[in-house]
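Report on one structure; see the data block that follows.
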Amino acid sequence: MLRLALFLLVLATATAGERLTVPTPQEAVERMVELAELKPGENVYDLGCGDGRIVINAARRCGVRAVGVDIDPQQVAKSRANVQRAGVGDLVTIVEGDIYQTDFSDADAVFAYLQPDLLNGLIPQLRRMKPGARIVTFDFGIEGAKPSRVERGAFGGRQHCTIYRYDVPWKDDAGTTWDIFTPSP
C-alpha cells in the first residue's frame, strides 16, 4: 500500500510539471561510489546532486574532483553547506544549473538518480563521454544501453533498489533479454 501511495505521489508530481526530489539512501551512495571504481584526481559529476551526498562521499573516499549540478536553488544551498561541513570544499564544487546545458566532457565518472525521462534526455551527452568513463545510475537505467553491471538489493530500508553501471562506449541493448528480480533475504 505504501508503494502504491509513493507511486501515485511521484506520478502526480511529474504530471504537474514538477520534479520530486528523493535522496539516494546513504548505503546506496557508498555502493555506487565503489562500483564507479574511482581513482584519486579523476573528475566526477553528479547530475541532479540534491544534497551533495554522492560528490561528498566520492571526494572523501577517493580523492576525486567532484562537481554536483542541480537546478533547484534550495538544493544547491543545502549541498554547498554540506560540502563545507564535510570539509571537502577544495575538491567539490556545487553548480546551480541545467544538467542539459552542463559540459561534463572531462568526466571520468557521472552519477545520476533521475526520473527516466530526464535520464533519457541526457543520452546524447552521455554517448559523447570519453572512452573508459563510467556512468552509475540508481533505480533507473539508460534506455537502449546495456549496463556492464547491475546490482539489486535493499538500501536504507528501501527494498527492490537497482544500481546500474555503464562503461563508455556502452553496447546497445537490443531488449531481447528478460530481467527477473529476486528480492534479497
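Structure values in brief
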item	result
Meets criteria (exposed (fewer than 15 other Cβ atoms within 10 Å of the Cβ), charged (D, E, K, R), modelled with pLDDT of 95 or more and in a helix (DSSP H, G or I)) for R3	no
Subset of the stretch 107-135 [crowded, with 18+ Cβ neighbours inside 10 Å and among the hydrophobic types (A, V, I, L, M, F, W, C)]	A107, A109, V110, F111, A112, L114, L119, L122, L126, M129, A133, I135
Filter pass, I56 being β-branched (V, I, T), closer than 18 Å to T162 by Cβ and modelled with pLDDT of 95 or more	no
Single unsatisfied condition, D51 versus (1) within 26 Å of R128 (Cβ to Cβ); (2) part of a loop (DSSP other than H, G, I, E, B); (3) of a type in the set (D, E, K, R)	(1)
Residue that is surrounded by the most Cβ atoms within 10 Å (Cβ to Cβ), among those in the stretch 86-106 that are within 15 Å of C62 (Cα to Cα) and of a type in the set (A, V, I, L, M, F, W, C)	V92
Which numbered condition V88 fails, given (1) under 17 Å from the mean Cα position of the chain (by Cα); (2) not in a helix (DSSP H, G or I)	(1)
When residues of the stretch 114-151 are limited to those that are in a loop (DSSP other than H, G, I, E, B) and of a type in the set (D, E), the one nearest to V22 (Cα to Cα)	D139
Which numbered condition K78 fails, given (1) outside any helix (DSSP H, G or I); (2) touching a residue at least 24 places away in the same chain (Cβ under 8 Å)	(1)
Among (1) of a type outside the set (F, W, Y); (2) farther than 18 Å from F138 by Cβ; (3) part of a strand (DSSP E or B), the one test that V83 misses	(3)
For E42: the one exception among (1) surrounded by 24 or more Cβ atoms within 10 Å (Cβ to Cβ); (2) under 19 Å from D108 (Cβ atoms); (3) in contact with a Cys (Cβ under 9 Å, 6 or more places away or on another chain); (4) of a type outside the set (S, T, Y)	(1)
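The values are calculated or read from the model by the stated rules, or taken from the named source; none is laboratory data. Everything numeric here is computed off the predicted structure, so don't read it as measured data. Please note: Cβ atoms are built from the backbone with ideal geometry, for glycine as well, and neighbour counts cover all protein chains shown.
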